Each structure stands twice: as C-alpha cells, then as structure tokens.
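Since the structure comes first, as structure tokens, the remarks are kept for the end.
Bear in mind these aren't lab numbers, they're just calculated from the coordinates by the rules spelled out. Everything numeric in this text was worked out from a predicted model, so none of it was measured. Positions of Cβ are generated from backbone atoms using ideal geometry, with glycine treated the same way; all protein chains shown enter the neighbour counts.
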Amino acid sequence: MVNIPKGTKDVLPSQSYKWQYIEEEIRKVCKLYNILEIRTPTFEHTELFLRSIGDETDVVSKEMYTFEDKGHRSITLKPEGTASTVRSYIENNLEAMSLPLKMYYITPVFRYEAPQAGRLREHHQFGVEMYGSPSPYADAEVISAAYRLLSNVGVKNLALNINSIGCPNCRIKFNQALKEYLASHVGDMCENCKRRFSTNPLRILDCKNEGCKHIVKGAPSILDYICSDCNDHFIKLQEILKADGIPFNVNPSIVRGLDYYTKTVFEFVTTSLGAQGTVCGGGRYDNLVDSIGGKPTPCVGFGMGIERLLMLLEATGKEFEEQAVEYYIACQAESCRDCCRKIVLDLRAKGHSAETDFMGKSVKAQFKYADKIKAKYVVVIGESEMQSGIVEIKRMLDGEKQQKTLDDLVWTL
C-alpha cells in the first residue's frame, strides 16, 4: 500500500461539493468585477521566485519545493500565485490588452512546512491581480472584491486591517529607525531574526516567534516615516473604503510576508476559530513587474487559502448544499433495464440529472440507494409500466405521488 505524502490531502466525493460551492462563488464575484481568469503552470524556473519573493523570506529560504530536472535546470513548484501571473503578464505581452487588466486564479501552491489545520504542503489559493493603475481606487477595488466574496460565503466576525509600508525610498529611513530600536534586543531574537536584522529588518515585524512578537511591540511605526506621496495614497484609500461602507482598522504592524509589497498592505481576519486568524492577505506591489524584467507597472492584489476558508466556514456551522440527483429510475426486472436506460438518457437530454441501477439491486435496495444519493424523485419501471406507458413518480421529501406518461416524467407542482 502506497499512502498519500505527508502534508497533502484527497478531496473526496463527500467533500468536493463544498469546494465546488466556493469556486462557483469565486467565479460569480469575479464576473461581477470583470476579473478574467488566468491559469499558469504548476512549476516555474526557480529564479522567478528568487527575484520576486525575496531570498530573505521564509518562503524562499525554507519552504520552497525546488529540484533539478533532467536538463539540469532548477525548477520550483510554485509557492504562491502572484509571481507566475507577473511572469505570464510580461512573457505574453498582456500589457497590450486594455488596462487596467484584472485577473484571478485558483491554483495549487506548495510549501515545505509543518502541516497545520488549513495549511498543507500542497494547498490551494484564490488570488486576484490588478495591473496598470497606481490609484488608491484600484486598491479599494480588489479589497472590495475580497470583502464581497467573504461576505457572500458567510464568513463571520470579519475585520479588515490595513497599513502602508511605504515605497523603497521612505522605507530607508524607517529601516534605520527600526534597527536602532532593535539593536539592544538582538540577543533575545530567534535565529532567523538575528539574520534579518542585518539583511532585512522589516521582516522581523512579521516573525511568528512569541519572543520576537513581544520585542517589536514597542518598535517605531512605519506610518511615522512614509513619504507624503505614500501618506496621501493611504489617506485616500481610507476615504474610499469609508464611502464604500467597508469597515477597517489601521494596523501599523502589518507588513505581509513577501518582499515585493509597497504602499498598501491589508489582511482580512476573523476570530471565529478562537484566536484571530488571517483568511485573506494582499497589497500593492508597484515594483514587481520591472524587477522580473518587464516595464514598470503598478499592481495590486490579494490571495486567500481555500482550505483555510472551508475550515473556517465548517467550524462556524456553514451549511453547504450537497449534489443531488433529480430522478432515480428504479429497475424492477432485468427485462426493463433498456427502458430505464432510455428514460435516464431522455431526462438528461432535457437538462435533468438522472440515475438508474447498475448493480442488479432489489427495488427495496434501490430505494435505499436513491435516498443515500439524495434523489428528489423516484420512478419504478416494471413490465406493467412499460406496457401501459403510465408510471408513478414518488417525491422522496414527503412521499407524495404523481402519475405520468413515459413521455413526460417531469414532476409538476
């Protein structure tokens, strides 16, 4: 017996309808916002993620699935969706399309980390990317799409936290101030943050180590160091969100975990699972396209884990509508099997889901099976029904029955 690899999970038929619900809701929202789907490969050249994500992030330094292929090329299973989308934008000259260009993806992503609830080594990410606009209205647009989706599917105790981490120019002053504050605490930091102190001190603010979290509580706020342009952008975003009726909190501790973010960063969090947890995160990354080799292009977007979203909804009592068959055609005898098959095909041709027996079960067992697959109506076909052309349809919900001809089996109210 070969078992499933650690950190991966099968989506079984008893659970897949929940995934389908989330994916359908995603596509509904994206259609409302004119966001077009993009699909990128599962793996990319490793260099793409080194250049985009940043080699001082945990994703690159510890979590990527990287291997050498038979052509001696370094290949990485994508750990997130944005870098691949940017690569495709550049390579396929998508800037030639009318801007702004809004795209979304539903994709597997891979990170080698300790498996935890809602976060597996292979998990699935829904993301939105908007290219071409430097305006805070673009930031509000993607935030609005995320807010609408989370509200539509029924996420409870939802809160939006926003921050600005400024541009590379104003971050120079903040990094200097941050290092001055952290200098006396280096010895108490985790090993990763000791390294980050020299290479990228901003990452220390994102550390999950409890000791490091305590240290940075007294750190200076980046909002006191952002330039006038970044500050104006952030103030305008707040005005737009208020006008849109989207409640938010300004949280200066949010920096996000990837190096490509600039200006706006945001997270949707909930306390529905006990401790506050992030269900969606994103922000602006105006320098990412040119860092990978394209023309300077302002961008903003977000990503959310589908497993985590499902876990959250299940924990808060969300009811999902299971897939159900409309008509089950029960076969009373072997001589009726071809007739049952024809009825099923006719119903399907008219747009009705239908099923019949393939196992040679008794009529009683077929009724039990019809109940298990949540069939709405059951029709028994025997010799007498075939000869008379008249059948009885039973509604499983309440046992009510209707008589119909074989040519018109559709239940009527």
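Here are the numbers:
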quantity	calculated
Cα gyration tensor category, rounded, prolate or oblate, for region 327-405 with a/c compared to 1.5	rounded
Other-chain or far-sequence residues with amide H under 5 Å of Lys263's (modelled H)	Ile165, Gly166, Cys167
Within straight-line cross-link reach of Lys295, lysines at Cα separation under 20 Å, skipping those fewer than 8 residues along the same chain	Lys102, Lys263
Region 267-413, relative contact order [Cα under 8 Å, separation at least 6], %	17 percent
Loop-located chymotrypsin sites (Phe, Trp or Tyr not before Pro) in region 356-385 whose Cβ has at most 10 other Cβ within 10 Å (DSSP)	Phe358
Shape of region 102-227, Cα gyration tensor, a/c cut at 1.5	oblate
Environment charge of Tyr327, counting only residues whose C-beta is closer than 10 Å and scoring Lys/Arg +1, Asp/Glu -1	0
DSSP-defined beta bridges in the chain - what % are antiparallel, rounded to 5	80 percent
Phi-based couplings in Hz for region 284-295 (Karplus 6.51, -1.76, 1.60; Gly and Pro marked x)	9, 9, 6, 9, 6, 4, 6, 5, 9, x, x, 6
By average C-beta atoms within 10 angstrom, highest first, the peptides 380-391, 260-271, 65-76	260-271, 380-391, 65-76
The chain, relative contact order [Cα under 8 Å, separation at least 6], %	16 percent
Approximate spin-label separation Asp10-Asp338, in nm, with each point projected 7 Å along Cα-to-Cβ	3.8 nm
Region 327-405, relative contact order [Cα under 8 Å, separation at least 6], %	33 percent
DSSP-defined antiparallel bridges as percent of all bridges, region 327-405, nearest 5	50 percent
Efficiency of FRET between Asn34 and Asn152 - r from beta-carbon atoms, R0 22 angstrom, step 0.05	0.85
About the Cα centre, charge dipole magnitude for the chain (Lys/Arg +1, Asp/Glu -1 at Cβ), debye	480 debye
Acute angle (nearest 10 degrees) that the helix 306-315 long axis makes with the longest principal axis of the chain, alpha-carbon atoms	70 degrees
Rounded, prolate or oblate (a/c below 1.5 giving rounded, otherwise prolate when a/b exceeds b/c) for the chain by Cα gyration tensor	prolate
Point-to-point label distance, Asp408-Lys368, nm (Cα→Cβ direction, 7 Å offset)	3.7 nm
